[in-house]
Amino acid sequence: MEPGNVTQISEFLLMGLSEEPELQPVLFGLFLSMYLITVLGNLLIMLAISSDSHLHTPMYFFLSNLSLVDICFTSTTIPKMLVNIQTQSKVITYAVCITQMYFYVHFAVLDDFILTVMAYDRYVAICHPLHYIVIMNSRLCGLLVLGSWIISILHSLLESLMVLQLSFCSHLEIPRFFCELKEVVQLACSDTFPNDIVMYFSAGLLGGGPLAGILYSYSKIVSSICAISSAQGKYKAFSTCASHLSVVSLFYGTSLGVYFGSLGTDYSQSSAVTSVMYTVVTPMLNPFIYSLRNKEIKRALKKLLYVHSLHSP
């Protein structure tokens with residue numbers, strides 16, 4: 001059977017999390033709530049950091065970038081899911097699917113890079129405190145973030161262009177609530193070997209590389225903390241990276257769990273549900289993790305809300 005030309009493909013079907021009609025209103029309310037909490041929480045973090053001059057430091061500069069990426073990350077998937085639930089449709093056009101896949105890959109990789117940059121920042125702050133201001137200057141911070149954006153843009157562009165070369169046949173059901181790269185590639189009826197090579201090589205390089213960097217940074221951080229004589233000093237040093245470590249554990253724990261859980265031939269519904277953890281839940285929890293465990297963020301948020309209440313009618 002000859003594979004159909006890719007230009008003949010007009011739409012895919014997003015199977016979502018459940019096909020039960022009675023669950024659709026529940027899913028709509030749940031995901032709308034999580035999306036609004038994610039956007040509001042991360043916006044508050046960004047506003048608090050920008051409005052408080054005491055937070056104009058490398059650590060909070062990277063945190064504000066992480067919040068921006070989390071907003072964009074969730075905005076690539078949830079709004080389309082909500083529209084499909086509301087209209088009782090599973091359809092996503094070919095162009096929208098490729099666009100969604102591009103931005104999903106872009107912001108997922110960018111999220112990974114920002115977390116790695118934050119780990120390096122904590123490594124310098126704890127292991128080289130006397131040289132921290134010199135090393136983590138504004139120029140380096142800007143270059144680290146800019147480099148992360150450029151690499152993630154180029155990577156997602158490469159992956160998307162390679163998908164555009166694929167031909168698709170009749171089976172166009174994607175067993176998720178968004179167009180995920182691996183699932184789209186698996187639907188192709190043309191040769192996907194080049195796509196698989198690039199996809200798994202990129203996963204090892206752009207996923208394993210940053211993870212190795214984070215683990216190395218924290219191995220040095222732990223060694224430095226253990227060398228501190230006073231218990232108070234150890235607690236203070238650990239508290240500066242506890243929030244970041246919590247976010248990293250949540251991000252990698254859920255994403256790796258879903259990745260290894262989907263290596264089988266059959267993609268189960270439970271894996272689709274589990275993917276919600278790193279696509280929706282993790283970005284939603286990040287602001288809470290940083291605000292609840294960080295006194296400076298708490299103070300900035302209280303100050304921001306107090307000023308807003310004074311100016312409100």
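The values are calculated or read from the model by the stated rules, or taken from the named source; none is laboratory data. What you see is a predicted model; the values in this text were computed from it and never measured. Every residue, glycine as well, gets a Cβ built from its backbone with ideal geometry; the counts of neighbours run over all protein chains shown. Heads up: the accessible areas ignore ligands, DNA and RNA and are worked out on the full protein's heavy atoms, side chains in. Shrake-Rupley method; radii C 1.70, N 1.55, O 1.52, S 1.80 Å.
The table below gives the values:
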{"item": "Computed over the chain: relative contact order in percent, which uses C-alpha pairs under 8 Å that are six or more apart", "result": "29 percent"}
{"item": "Within the chain: Cβ-based charge dipole about Cα centre, in debye rounded to nearest 20 (Lys, Arg +1; Asp, Glu -1)", "result": "1720 debye"}
{"item": "Packing-based order for 283-290, 194-201, using average beta carbon neighbours within 10 Å, highest first", "result": "283-290, 194-201"}
{"item": "Net dipole in debye of the stretch 18-151 [+1 Lys, Arg Cβ; -1 Asp, Glu Cβ; about Cα centre; nearest 20]", "result": "340 debye"}
{"item": "Computed over the stretch 154-213, the ratio Rg/Rh where both radii use C-alpha atoms and Rh is Kirkwood", "result": "1.01"}
{"item": "Percent accessible area from carbon and sulfur atoms, the chain, protein chains only, probe 1.4 Å", "result": "68 percent"}
{"item": "Accessible area of the stretch 44-201 divided out per residue, in Å², using a probe of 1.4 angstrom", "result": "43 Å²"}
{"item": "Heavy-atom accessible area ranking, 1.4 Å probe, most first, across 193, 177", "result": "193, 177"}
{"item": "Protection proxy ranking of 275-281, 49-55, 114-120, 17-23 - average other beta-carbon atoms within 10 Å, highest first", "result": "114-120, 275-281, 49-55, 17-23"}
{"item": "Relative packing of peptides 34-46, 161-173 - highest average C-beta neighbours within 10 Å first", "result": "34-46, 161-173"}
{"item": "For the chain: lysine pairs under 23 Å (alpha-carbon distance), excluding those fewer than 8 apart on one chain", "result": "11"}
{"item": "Where 104, 216 fall by accessible area, highest first, once all protein chains stay in place (1.4 Å)", "result": "216, 104"}
{"item": "10 Å binning of all Cα-Cα separations within the chain, expressed as whole percents from 0 upward", "result": "5, 24, 31, 22, 12, 4, 1, 0"}
{"item": "Where no second cysteine Cβ lies under 4.7 Å, the cysteines concerned in the chain", "result": "72, 127, 141, 226, 241"}
{"item": "Cα-centre dipole for the stretch 90-201 with unit charges at Cβ (Lys and Arg positive, Asp and Glu negative), debye to 20", "result": "300 debye"}
{"item": "Cβ-Cβ FRET estimate between residue 212 and residue 239, R0 fixed at 22 Å, reported to 0.05", "result": "0.30"}
{"item": "Environment charge at residue 225 (Cβ cut-off 14 Å; Lys +1, Arg +1, Asp -1, Glu -1)", "result": "+4"}
